[in-house]
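J.: Let me give you the structure first, and then I'll get to my questions.
The values are calculated or read from the model by the stated rules, or taken from the named source; none is laboratory data. Since the model is a prediction, treat every value here as computed from it, not as a measurement. Ideal geometry is used to build each Cβ from the backbone, glycine not excepted, and the neighbour counts take in all protein chains shown. Just so you know, the surface numbers come from the protein's heavy atoms only, side chains and all, with ligands and any DNA or RNA stripped out. Shrake-Rupley method; radii C 1.70, N 1.55, O 1.52, S 1.80 Å.
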Amino acid sequence: MEQIGAGPFVAFDGLARLAAGSLAEAAVAAKRALERGGQGAVLVFDQATGAVRDLDLRGSEAEIAARYAPAEAPASRRGRPRLGVVAREVTLLPRHWEWLASQPGGASVALRKLVEAARKRDDEVGGARRRVEAAYRFISAIAGDLPGFEDAARALFARDKDRLRDCVRAWPPDVRDELFRFLRAGEEAVPG
């Protein structure tokens with residue numbers, strides 16, 4: 001069985017949105033569109049990255065759903081690995097070890113807090129950049145021939161949402177809505 005990405009995924013038939021959800025759901029929707037003759041290219045996008053997924057749509061819907069079903073979680077084991085704790089070596093200068101030792105909870109707690117704070121900062125800065133890149137991958141694959149594509153891409157990278165809305169106003173609603181879904185992914189209630 002193939003290693004399945006986290007998704008979620010969205011399937012398009014030409015410029016019409018078919019389905020969104022798990023990779024299995026999107027793959028089955030793509031298979032149905034292909035069987036009925038579709039309106040255009042049938043594409044499945046990873047909504048986390050904007051990348052087009054190349055799928056094997058041979059066989060029945062049940063076979064396709066099984067092929068792209070998420071892998072079952074491995075059985076849990078006793079002890080700390082069950083919590084996801086991984087022991088690795090860390091090399092620091094003596095002054096770093098002294099500082100860590102003086103922190104409440106010791107070195108491990110202090111290191112975990114530092115890593116989480118750095119991840120949060122990265123998510124705030126890098127998350128917006130990743131959403132823009134994913135949105136660009138999506139519109140490049142599906143809307144590259146639509147009027148105003150170049151202006152829309154410039155507005156996207158300039159993060160000018162008002163200009164972007166103007167540029168894509170004439171685009172099919174499903175494509176336009178999905179573009180803004182990519183830009184909102186991972187955000188809490190962003191005004192549309």
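J.: Describe numerically, in nm with one decimal, the distance between label points set 7 Å from Cα along Cα→Cβ at GLU150 and at ASP162.
T.: 2.5 nm
J.: Additional query: Would you mind getting me the FRET efficiency between ALA69 and GLU35? Use the beta-carbon distance for r and R0 = 30 Å, nearest 0.05.
T.: 0.90
J.: Show the residues, 5+ positions off or on another chain, whose built amide H is closer than 5 Å to the amide H of LEU57.
T.: none
J.: Expressed in nm to one decimal, what extension gain is obtained for the pair ARG95 and SER140 from 0.36 nm per residue of sequence separation less their Cα-Cα distance?
T.: That pair, ARG95 and SER140, stretches by 11.2 nm at full extension.
J.: In Å and whole numbers, how far do the C-alpha atoms of the chain stretch along each principal axis, longest first?
T.: 66, 44, 26
J.: Separate question: May I ask you to give the solvent-accessible area per residue for the chain, in square angstrom, as obtained with a 1.4 angstrom probe?
T.: I get 65 Å² per residue for this part.
J.: Net charge near GLY105, counting Lys/Arg +1 and Asp/Glu -1 over other residues with Cβ under 15 Å of its Cβ?
T.: Its environment carries a net charge of +1.
J.: Now for a different question. Hey, rough spin-label estimate for VAL125 and ARG58, points 7 angstrom out along Cα→Cβ, what's it come to in nanometres?
T.: 4.8 nm
J.: What full-extension length gain, to one decimal in nm, is calculated for VAL115 and ARG88 as 0.36 nm per residue of separation minus the Cα-Cα distance?
T.: Roughly 8.3 nm would be gained on extension.
J.: For ALA41, enumerate residues with amide H under 5 Å from its amide H, sequence gap 5+ or separate chain, H modeled in the peptide plane.
T.: For ALA41, the qualifying residues are GLY14.
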